[in-house]
Each structure stands twice: as structure tokens, then as C-alpha cells.
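Enquirer: Right, I'll just put the structure down here and ask away after.
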Amino acid sequence: MVANQRFVFIGDSITQADKLEDCEQIGYGYVRYIKDYIAINQPEALPDFFNKGINGNRIPDLEKRWEEDVLSLRPDLVTISIGINDVWRQLDNPDMEQVTPAIFKEIYDRLLTQVKINSEARIFLMEPTIIEESVDAKGNILIKDYVAVIHQLAEKYDATIVPTHQVFIEYLQQPNHQALTTDGVHMNSAGNMLMAQAWLKTYNNVK
């Protein structure tokens, strides 16, 4: 019997999405939407899903748990969604030690190197989404440098970009758009749907 594919999603609270209250530990965010979509449309090929999101994480936190939460699971596909808190802490807690774009790139580079050395997993890099539902908000201006880093690393490691920031910004520019977050950062159901749709469109285009 062929073992199921193993899909690992790692990130912050946007990925965690109340997984601790879910008996499957998948949560109620975009990872759940992705799993349910595949379960309905491709039940014969439903992977095992692992949600490794943790509230408040920045990229240094991912590095501390990379072996346990990613490499040890021997994933066939790993999706990384990180960067929001690396930027948000600059706005809501400017006195703490910050993760600059250069530090972000240095750590992210190490994580991707480890994936390449230790596995044959496909890598999906999700752009950070938004900070406030305004295209010109300070957080969304700062995010651009982190998005650029992710694109540079995707090219270096032959990873696949999920253009979540681009999709969110384009949506916010549409007339009569709906709210996507509960507080400018954490997703409501529409935001989770938009994230899942961006991931699934990418996945279906490259699988």
C-alpha cells in the first residue's frame, strides 16, 4: 500500500487558526479550506496534513523548531507562511529586537538549505498577506521588502511562490470588496478563502 503524501504547513497564527480547538489539529483557517477542497475534489489523492502554525511566530521562531516540526516529518510538500509578525512587531513593539529584511533573508536561507539537503520536498513560499486593509498602510509598505526576499529565495531554491500579498492587494483595489480580516491581520472566513484559493490555484498549476 502506497503511503499518503505528507503536506506540512508552517507559520504563525494565520496558519495556526485555532488548531488546538480542532480534533484533527488542522484548525479553521486556510489550511482547513485547502484540505477540505482536496478531500471533496480529489479524495483518492488526499494527503496527510500537518498544521505547524504557532501564534506570534517570526522567522527566528521557525528556525528553533525546524527540525522537529518540518524535517522530522519527512514532508513531500512544505508550505511556509511567515513574515507578518516580523513586520508587525516593528509597528506594535518597536522597542524589541527586530527582524530586518537582511536577517529575515539570512534565516530563511538557512531553513530552505536544510529542506534541500534533507528531503526531496516541494517547497511553496507564501508571500506575507497584509497589515491593515489599506494598500498604502505603513505595514503594507514595509512588507514589500520581505516579499522581495521571498521571491529571491524562491528563485535560488527552485521553490514555488504563492502570491498571497499580491492577491490581497489586488482584491483590496476592487470596488465593493469585502473585509478580509478581523483586526487588520488575522483572517476572517473571506480572508482564509482568498489565501486558500491562491494556494490551490498555484498547486493545481504546478502539480
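Enquirer: Considering amide H positions built from the backbone, and no H for Pro or chain starts, which residues 5 or more places from THR160, or on another chain, come under 5 Å of its amide H?
Expert: Distant-sequence amide H within range of THR160: ILE123, PHE124, LEU125.
Enquirer: Could I ask something else about it? Convert each backbone phi in region 56-69 into a coupling constant with the Karplus relation 6.51 cos²θ - 1.76 cosθ + 1.60 (shift: θ = phi - 60°), then list the ³J(HN,Hα) values in order as whole Hz, x for Gly and Pro.
Expert: My calculation for region 56-69 gives x, 5, 10, 5, x, 5, 4, 4, 5, 10, 4, 4, 5, 9 Hz in order.
Enquirer: For the chain, what is the charge dipole size about the Cα centre, in debye to the nearest 20, if Lys and Arg each add +1 at the Cβ and Asp and Glu each add -1 at the Cβ?
Expert: 500 debye
Enquirer: Additional query: Give me the distance between the Cα centres of region 21-40 and region 73-112, rounded to whole Å.
Expert: 24 Å
Enquirer: Another question, if that's okay. Relative to the compact globular guide of 2.2 N^0.38 Å, what is the alpha carbon radius of gyration of region 6-206, as a ratio?
Expert: Details: Rg = 15.8 Å, N = 201, 2.2 N^0.38 = 16.5 Å.
Rounded to two decimals, the normalised Rg is 0.96.
Enquirer: For Cα pairs less than 8 Å apart in space and 6+ apart in sequence, what is the mean separation divided by the residue count of region 6-206, i.e. the relative contact order in percent?
Expert: Values: 321 pairs, mean separation 43.8, N = 201.
Reported relative contact order: 22 percent.
Enquirer: If amide H atoms are built 1.01 Å from N in the plane of the peptide, which residues on other chains or at least 5 residues away come under 5 Å of the amide H of LYS52?
Expert: Excluding prolines and chain starts, which carry no amide H, the hits are PHE9, ILE10, GLY11.
Enquirer: Also, quick follow-up: With viscosity set to 1.002 mPa s and temperature to 20 °C, compute the Stokes-Einstein D of region 3-42, Rh being the Kirkwood radius across alpha carbon pairs; µm²/s, no decimals.
Expert: On the way: Rh = 10.7 Å.
The estimated diffusion coefficient comes to 200 µm²/s.
Enquirer: Next up: Under the Karplus relation 6.51 cos²θ - 1.76 cosθ + 1.60, θ = phi - 60°, what is the ordered set of whole-Hz ³J(HN,Hα) values for region 11-28, x standing for Gly and Pro?
Expert: x, 10, 5, 5, 7, 4, 6, 6, 5, 5, 8, 9, 4, 8, 6, 9, x, 10
Values quoted throughout were computed directly from the atomic coordinates according to the rules given, and no laboratory measurement underlies them. This structure is a prediction, so every number in the text was calculated from the model and none was measured. Here the Cβ is made from the backbone with ideal geometry for all residues, glycine too, and neighbour counts use every protein chain on show.
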